[in-house]
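Since the structure comes first, as structure tokens, the remarks are kept for the end.
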Amino acid sequence: MSTGMMVLLSMLVFIAMLGAQMPIALGLAAAGITGLLLNGGVDQTAGTLASAAYQSTSTYTLVVVPMFILMGVLVANAGVLSDLFGLAARVTRKIPGGLGIATVLSAAGFAAVTGSSAAAVATLGRLCVGEMRKHGYPLQMAAGIVAASGTLGILIPPSVVLVIYGVLTQESVGQLLFAAIVPGILTAIAYVVTIVILVVLRRRKGEVIGGDPRLATLPPMAGGSQEATAVDAPGSFVTPTPPPTRVNRARELESVGYIAIVFVVVLGGIYTGTFTETEAGAVGALVALLILFARAGRTPIGLGRSLTSALKETSSVTSMIFALLIGGSIFTLFLVTTRVPITLTDWVGGLDVPGWVVILFFLVVLLILGALLDGVSILLLTMPLAYPVVTDLGYSGLWFGIIAVKMIEVGLLTPPFGLNVYLVSGVVDDLKVEQAFKGVVPFIVTELVVVAILCIFPDLVTWLPELMKD
Amino acid sequence: MRLLRTVSERLSGFCGALAALLLIAIMAMTVADVVRRALTDKSIQGVIEVAPLLLLGAVALGLGQAETAGTHVRTSLVTDHLPHRLRSALRSVGYAASIYILLWMAKLSYERAIDAYDNNDTTAGFESIPTWPARALVPIGLALWALALFVRLLQDLRGVRGLTSEEPPSEQSAPEKEAF
């Protein structure tokens, strides 16, 4: 059987498993097993499967993944996000779209301690959408702001998706994390600009958005008050809020301090060479644990339950991600044994087209897959093929990693999969998914503009890692 | 079926708790190594070799819990548009295939763990740590995942017969899920 036919059959198996609502990890494994069986027979396949879990998991570099997850989950359970929002809302209250900007800023701050977008979207959805509506924001716009803000979690370091990219492509994880800082900040600024433009345009049409004098008392979940942490707790709802006091403001600043400590410890440790990336993850997780202990008295569900819930979530998410890696490794091994990546690289190298056309092609593929699959699955499916081609054309692997993650971000917003959109519609009672999808359209455009800027000025991505090398 | 479901959830929950302890152990061990290196300029021997083995154990032991908690990523893009019986039938075929794959992998992993024990396989690096204890956890984790899927299969077989059945989690229906 020809290689092309084997690849086609294995992809059909993958699609069939996906269609049957099976875990994507098992879909990847089934596709890889099909290909290996067709290519090498039962014995070769059995030999691969016997060690698949061991080979793709027991690597020291990968230890950073559960550490980053643990760090993010612990900080999320400590309830700092509502404090961040309170402070950001106060700081931005005089700017058009202040509450929307506060949402972006608090999501960006939260992203600096977590590699996940879901926790931010779920919490901000409960916290911010109601407040924005009170101040005249249309529901779909408020939902769009929250869903888009949540995407910052997978780009701004620490980012689990970037770690996985680094492991798959052998790019330096530390350099990748630093490469994401400027694009992350740029994306946050672009969101802020988008919100200001949207609000100004609506005000010109006569709509009243923001600017309500009640904003002075707005910062809703000020400080680590009982109400604030109640919002952060999974499954809880926004409760009536106290007016800001000096004590609450101090608590808000305390939360910002916690975020800053974690961020500086993790990235500062890597930058100065004090820690490896893996060690930085472990130290960051310990600091996050201490933060949870420090705020234990202010969590409504108590320290014990907060900790148990965080550990349970961390172990489940870790196993989910590594199941994807194991399934992906089986699929990749099939591709490698049939020399598909090399054949593709040679074929693309022989094409008489400029390199940017190839990059554009891969970006479109990532965009389409982003609308259907999650980030890690997309990397596992595409990078074994795309990375060698892109680097062979002379492009930076660091730069391509950041661009790929940006496209995955867009995928979190585009239908039909658009996970962040489903998340926000899941936590806001009267919000329909269609409304939320309409609300994210301006932010998808913004994301694509940012990607274009990063393509035109790749130094925005590479200068910080270069500085690190020096 | 209720008994089987309870057994699956309890076993997965217990192993998930063990997985969490292993992750805490990795964190503590790694931090201790950093502290020792900072204080004495010497590393704790074996941390780099043991941590990946503990990670393998944590991953394996958490597989069942990830299924019962609905954390494994899947999509209901196709099944959402199918009639109830057809949807249950399609998923049943998928579950059967998934269980077969997992049990095959569990059997092969078990045999590999036995080989590792017999041959006294150790980690590469400065410290030679036996790999069989971590490898032995892999078939347990895969079997727990298969058991959790078997419970879902039984649910969907009820759906095929026209009885009410519980919908499995999906990206579109699980707003609390982590996304990376």
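The values are calculated or read from the model by the stated rules, or taken from the named source; none is laboratory data. Note that the coordinates shown come from a computational prediction; the quantities given were computed from them, not determined experimentally. Counting neighbours? That spans all protein chains shown, and the Cβs are built from the backbone with ideal geometry, glycine included. Surface areas here come from the heavy atoms of the whole protein model, side chains and all, with no ligands, DNA or RNA. Shrake-Rupley method; radii C 1.70, N 1.55, O 1.52, S 1.80 Å.
List of remarks:
- Euclidean distance between Cα centres, segment A:272-322 to segment A:369-399, Å: 30
- Computed over the alpha-carbon atoms, chain A gives an Rg to Rh ratio of 0.98, Rh here being the Kirkwood radius from the mean inverse distance.
- Inverting the pair-averaged 1/r between distinct Cα atoms of segment A:278-386 gives 17.7 Å as its Kirkwood hydrodynamic radius.
- Rg/Rg_globular for chain B, with Rg_globular taken as 2.2 N^0.38 Å and Rg from C-alpha atoms: 1.27
- For chain A, leaving out every one of the trypsin sites (Lys or Arg not before Pro) that falls in a DSSP loop and has at most 14 other Cβ atoms within 10 Å, the longest unbroken run is A:206-338.
- 3J(HN,Hα) couplings calculated from phi for segment A:353-360 with the Karplus curve 6.51 cos²θ - 1.76 cosθ + 1.60 (θ = phi - 60°) are, in sequence order, 10, x, x, 5, 5, 5, 4, 4 Hz; Gly and Pro show x.
- Segment A:157-175 and segment A:416-470: distance between their alpha carbon centers, rounded to Å: 19
- Rounded to the nearest whole Hz, the Karplus-based 3J(HN,Hα) values (6.51 cos²θ - 1.76 cosθ + 1.60, θ = phi - 60°) of segment B:55-67 follow the sequence 4, 4, x, 4, 4, 4, 5, x, 4, x, 4, 4, 6, with x at glycine and proline.
- Derived scalar couplings between HN and Hα for segment A:267-277 equal 6, x, x, 5, 5, 7, x, 5, 10, 7, 4 Hz in order, rounded to whole Hz, by the Karplus curve 6.51 cos²θ - 1.76 cosθ + 1.60 (θ = phi - 60°), x for Gly and Pro.
- When the inverse distances between all different Cα atoms of segment B:41-92 are averaged and flipped, the Kirkwood radius reads 14.7 angstrom.
- Calculated log₁₀ intensity ratio I(q)/I(0) where the Debye formula runs over C-alpha points of segment A:271-318, q = 0.22, 0.29, 0.32, 0.33 Å⁻¹: -0.83, -1.05, -1.13, -1.15
- Using the empirical formula 2.2 N^0.38 Å as the baseline, the Cα radius of gyration of segment A:327-378 reaches a ratio of 1.33.
- As a rough guide to protection, the peptides B:32-41, A:440-449 ranked by mean Cβ packing within 10 Å, highest first, stand as A:440-449, B:32-41.
- Segment A:243-305 shape via C-alpha gyration tensor axes, a/c threshold 1.5: oblate
- Counting only Cα atoms, the size of segment B:110-172 along its three principal axes is 58, 26, 10 Å, in decreasing order.
- Calculated log₁₀ intensity ratio I(q)/I(0) where the Debye formula runs over C-alpha points of segment A:356-405, q = 0.15, 0.19, 0.21, 0.27 Å⁻¹: -0.34, -0.55, -0.68, -1.11
- Between the amide H of B:R74 and those of A:I24, B:E171, distances stay under 5 Å, these residues lying 5 or more places away or on another chain, with hydrogens modeled in the peptide plane.
- Only DSSP H runs of four or more residues enter the estimate; each adds -39500 (n - 2.57), and after division by the residues of the protein assembly as shown the mean residue ellipticity at 222 nm equals -24500 deg cm²/dmol.
- A:T274 accessible area, assembled protein chains, probe 1.4 Å, Å²: 80
- Both chains summed, the buried accessible area for B and A stands near 5800 Å², from protein heavy atoms and a 1.4 Å probe.
- Cα-derived Rg over Rh, computed across segment B:67-158 with Rh taken as Kirkwood radius: 1.17
- Rounded to the nearest whole angstrom, the semi-axes of the ellipsoid equivalent to segment A:330-470, taken from the Cα gyration tensor as √(5λ), stand at 30, 20, 14, largest first.
- Accessible area, probe 1.4 Å, largest first, for residues B:R161, B:R85: B:R161, B:R85
- The largest accessible area among A:M132, A:M468 belongs to the first residue in A:M468, A:M132, and the rest follow in falling order (1.4 Å probe, all chains).
- Nearby aspartates and glutamates by direct alpha-carbon distance to A:K134 (threshold 16 angstrom, same-chain neighbours under 8 apart not counted): A:E207, A:D212, A:D429, A:D430
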